[in-house]
Amino acid sequence: MATLPNPLPKLAADPSGRSLGLQLPPGVLIDTTDEGPWHEPLLWHAEREVSAGNWAAMSGRAARVGLLPVLVDLGSQGGPDDWELMPGEVSYPGDHDAESVLAELWEECAVGEDEWPGLAGPFALSADPDSRAAEVADSLAEGRPWFKEPHLALVPARRSADIPAAIGWSGPVNHDEDVARLCTVLRSWEDRFGVRVVALGFDRLAVSVAAPPAGLTEAEAVAAEHLAFCPDVVDDLEAYARQLVGERTWCFWWD
């Protein structure tokens, strides 16, 4: 996968990140993969759990040096060093087409449904995407059942949608072996729905949504994309669509 220069190695000698213009709390550099140590750190995460306001305080300064924030869950299934990260098995999100990926996955997953309906939106923004991401991060910091022990992390990535690919996240591996293909969809959601990747767990993903569907017709179109992207979260397409109207956080999990 094509990547930007990685500033994380500097944190080995400068844990506070001052040389990068950061003021980091005590943290951990992660280079553990399914095949042993990676040649450079894949991410940094704080040792303490995230608190409200941490995301907003860190995101702007970190982005200026090529690092993007994400919450990582160190709960019952362990942290990123236990996730069997696979950076060597990941392609580049820019090499794929979002609609082609979704249409292919729809054919595999949407048994009994109609033909692939096509992409939804785009929809009008109801908030600045980065402000919405900070808002959702704060809500997760204050307690959500899906993420038991969220810690603030920094990942070298070009855009928020690329974060799972940048670390070789294997959460959806039973659905799609190349997470970059799903990151291509996330890139498209960034453009159409103001999405930002906010949190990752062993097999869970949460994104903030700055342009959610405003009505049921729009939500049904988005629900079709969700079914292809993550069939495990959709039992009944119509009922699921109703839950998406105005929803600012989309959460996914893969079996």
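The values are calculated or read from the model by the stated rules, or taken from the named source; none is laboratory data. Treat the numbers as computed from the prediction; the structure is a model and nothing was measured. Using ideal geometry, Cβ is built from the backbone for each residue, glycine included, and neighbour counts are taken over all protein chains shown. With ligands, DNA and RNA removed, areas are computed over all heavy atoms of the protein, side chains included. Shrake-Rupley method; radii C 1.70, N 1.55, O 1.52, S 1.80 Å.
Data for the structure
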| item | result |
| --- | --- |
| Leu24 vs. criteria hydrophobic (A, V, I, L, M, F, W, C) and either in contact (Cβ under 8 Å) with a residue 60 or more places away in the chain or in a loop (DSSP other than H, G, I, E, B) (or both) | yes |
| Tabulated pairs, segment 50-71, first without any contact (Cβ under 8 Å) to a residue 40 or more places away in the chain, second in a loop (DSSP other than H, G, I, E, B) and surrounded by fewer than 18 Cβ atoms within 10 Å (Cβ to Cβ), C-beta under 9 angstrom, 6+ apart or interchain | Ala57/Gln23 |
| Residues located in segment 185-225, provided they are farther than 20 Å from Ser59 by Cα, touching a residue at least 24 places away in the same chain (Cβ under 8 Å) and open to solvent by 10 Å² or more (accessible area, probe 1.4 Å) | Ser188, Arg192, Phe202, Asp203, Arg204, Pro212, Ala214, Gly215, Leu216, Glu218, Ala221 |
| Pairs with Cβ under 9 Å, 6+ apart, first in segment 94-113 and closer than 10 Å to Leu227 by Cα, second at pLDDT 90 or above and of a type in the set (Ser, Thr, Tyr) | Leu102/Ser188 |
| Any hit, segment 33-42, residues being under 28 Å from Pro129 (Cα atoms) and either charged (D, E, K, R) or in contact with a helix residue (DSSP H, G or I) (Cβ under 8 Å, 6 or more places away or on another chain) (or both) | yes |
| Options Leu29, Leu11; residue that is part of a helix (DSSP H, G or I) and at pLDDT 95 or above | Leu11 |
| From Asp95, Asp162, Asp81, residue being crowded, with 23+ Cβ neighbours inside 10 Å and of a type in the set (Asp, Glu) | Asp162 |
